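First up is the structure itself, then whatever we jot down about it.
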Amino acid sequence: MSIDKDLLKQAIENPSGIRFENACKLATQMGWIEERTRGSHVIFRHPRANLIRSNFPRPLNLQRGSSGKAKAYQVLQMLEMARELGIIS
């Protein structure tokens, strides 16, 4: 699946403004696989996560905020992990 460039741009430019559903969609487009849902948390794993385990020991966790948007710090973490994996620059 290819990465929606507009969605990626939105996440980079305004991580606090991205809707939760779009953050999950972007994570999937970048190769994360939804592992489980627990309450408002959706946990994703990446097939190549072992490459970045020293910097990111935990899987990607996205959480819906009260406004229906993803938590900004989690979106930033997803982008940082994607950079470490070489998915985005």
Exercise. Being more than 10 Å from the chain's Cα centre (by Cα) and crowded, with 17+ Cβ neighbours inside 10 Å is the filter here, so list the residues in the stretch 4-19 that pass it.
Key: Leu8, Gln10, Pro15, Ile18
Quiz item: Take the residues of the stretch 64-89 that are polar (S, T, N, Q) and surrounded by fewer than 16 Cβ atoms within 10 Å (Cβ to Cβ): which is nearest to Ser40 (Cα to Cα)?
Solution: Ser66
Self-check item: Condition check for Phe56: modelled with pLDDT under 95 and either within 13 Å of the chain's Cα centre (by Cα) or surrounded by 16 or more Cβ atoms within 10 Å (Cβ to Cβ) (or both)
Solution: yes
Practice problem: Collect the residues in the stretch 26-44 that are loosely packed, with under 15 Cβ neighbours inside 10 Å, at pLDDT 95 or above and either under 11 Å from the mean Cα position of the chain (by Cα) or not charged (D, E, K, R) (or both), keeping them in residue-number order. | Solution: Thr28, Ile33, Glu34
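The values are calculated or read from the model by the stated rules, or taken from the named source; none is laboratory data. What you are looking at is a predicted structure, and each value in this text was computed from that prediction instead of being measured. So basically every Cβ, Gly included, is an ideal-geometry build from the backbone, and we count neighbours across all protein chains shown.
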